[in-house]
Amino acid sequence: MATEVVVPTLGESIVEATVGEWLKQPGDPVRQDEPVVSLETDKVAVEVPSPVAGVMGAHAVQVGDNVAVGALLATVEAGGTAAAAPAPAAAPAPAPAPVPSDAAPAALSPSVRRAVLETGVDPGTVKGTGKDGRITKDDVLAAASAPAAAPAPAPAVPPQTPSVAASTGRKEERVRMTRLRQTVAKRLKDAQNTAAMLTTFNDVDMSAVIEARTKYKDLFEKKHGVRLGFMGFFVKAACMALKDVPSVNAQIDGEEIVYHDYADISVAVSAPQGLVVPVIRDADQLSVAGIEKTIGDFGKRAKDGSLKMEEMKGGTFTISNGGVFGSLMSTPIINPPQSAVLGLHRIEDRPVVRDGQVVVRPMMYLALSYDHRLIDGREAVTFLVALKNAIEDPTRILIDL
């Protein structure tokens, strides 16, 4: 008996998703609750499990199709075996030609397909380290950087008239935007069209934080089971500064200003399908260790696509760390309906003047983009100065000064 696999309830106000990747093909054995397809929503990827054990039946939709909640995705033949899957009645087709390196199987996720096309790596030679042995973008990049093996002799192909693309080596590819990328694009443009955005800058001497991290990182990891990074310091410092300048933690709702007596900090983390922004709830009440644990958990689950939609909602203030990618300076865009976002950047040694002497210090540029409808320049500068003071003297974080 066939059991239907349908689009599950996706969360509040989300009524549609896009088929991102089929994890099981027709004829594959399937365990109960084993994911069979990945759907992309406006916020995260959702894996749909099989309701029964059996054999994967026919797919009712294809990768890239938009599907509504409750729509049929596929069927599973309950209690069957892989051998019992019906075989096509058509005559056997000739063996397929080898897949060229610039072609990517449809079963791969969009980010992996793009990496395959950019690097020229044959996905058939890549060992997957993702969930259920799936190939990730990092697997493709690692294979591309590995020493190349001696190439196998190319199969003979019939002569053909060379195309312009082949003769010039120029290629083009059209890849449909993922639902997440479409949503990000719309929200960012809406933010520019709605908010009166302005960015102010400062820089911070990271010497004290680096010294504290170097001194205590081993003890910290041994006690808390997580590495001591810089984000824990910045989140705590930001929470202190938000209390001093509450308008930076507020938002506009119609003709009213909504102030928050708590700090839910959104942190931008990289995921295979793009940038996602989960929220650290009540960050002002957490210790540095609690913050680092939360961020570490977000990073791991963003990579394997297991973040939940409710973890992406809300947030009163955002911190985006472009420094991990080497960014020296940027003007981050507000994450509506929030009114401000803090951009962190790479740390580099620069000459600065201390007590009349030119010395070298590890410096970082800070950028605060804010909605000038709500936040005045004085308040933005005051916020950055309070943040700078806390980072340059971490004792302030301990004594809430």
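Summary table
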{"quantity": "Any chance residue 236 is surrounded by fewer than 19 Cβ atoms within 10 Å (Cβ to Cβ), under 27 Å from residue 216 (Cβ atoms) and more than 13 Å from the chain's Cα centre (by Cα)", "calculated": "no"}
{"quantity": "Strands (runs of 3 or more DSSP E) wholly inside the range 204-314 containing at least 2 residues that are in contact (Cβ under 8 Å) with a residue 12 or more places away in the chain and under 30 Å from residue 177 (Cα atoms)", "calculated": "265-267, 269-271, 274-276"}
{"quantity": "Checklist (1) in contact with a helix residue (DSSP H, G or I) (Cβ under 6 Å, 6 or more places away or on another chain); (2) surrounded by fewer than 20 Cβ atoms within 10 Å (Cβ to Cβ) applied to residue 263, failing item", "calculated": "(2)"}
{"quantity": "Tally of residues being among the β-branched types (Val, Ile, Thr), out of contact with any strand residue (DSSP E or B) (no Cβ under 7 Å at 6 or more places or on another chain) and open to solvent by less than 70 Å² (accessible area, probe 1.4 Å) across the range 181-225", "calculated": "2"}
{"quantity": "Residues located in the range 269-294, provided they are open to solvent by 30 Å² or more (accessible area, probe 1.4 Å) and either farther than 28 Å from residue 394 by Cα or modelled with pLDDT of 85 or more (or both)", "calculated": "272, 273, 275, 277, 281, 282, 285, 286, 287, 288, 293, 294"}
{"quantity": "The listed residue being open to solvent by less than 20 Å² (accessible area, probe 1.4 Å) and modelled with pLDDT of 85 or more, out of 6, 36, 69, 44", "calculated": "36"}
{"quantity": "Matching option when the condition is out of contact with any Lys or Arg (no Cβ under 6 Å at 6 or more places or on another chain) and more than 20 Å from residue 304 (Cα to Cα), among 58, 45", "calculated": "58"}
{"quantity": "Strands (runs of 3 or more DSSP E) fully within the range 325-388 counting 3 or more residues that are out of contact with any Ser or Thr (no Cβ under 9 Å at 6 or more places or on another chain) and open to solvent by 10 Å² or more (accessible area, probe 1.4 Å)", "calculated": "348-354, 357-371"}
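The values are calculated or read from the model by the stated rules, or taken from the named source; none is laboratory data. Quantities reported herein were computed from a predicted structural model and do not represent experimental measurements. Neighbour counts are summed over all protein chains in view; Cβ atoms, including those assigned to glycine, are modelled from backbone coordinates with ideal geometry. All accessible areas refer to the heavy atoms of the entire protein, side chains included, with ligands and DNA or RNA removed. Shrake-Rupley method; radii C 1.70, N 1.55, O 1.52, S 1.80 Å.
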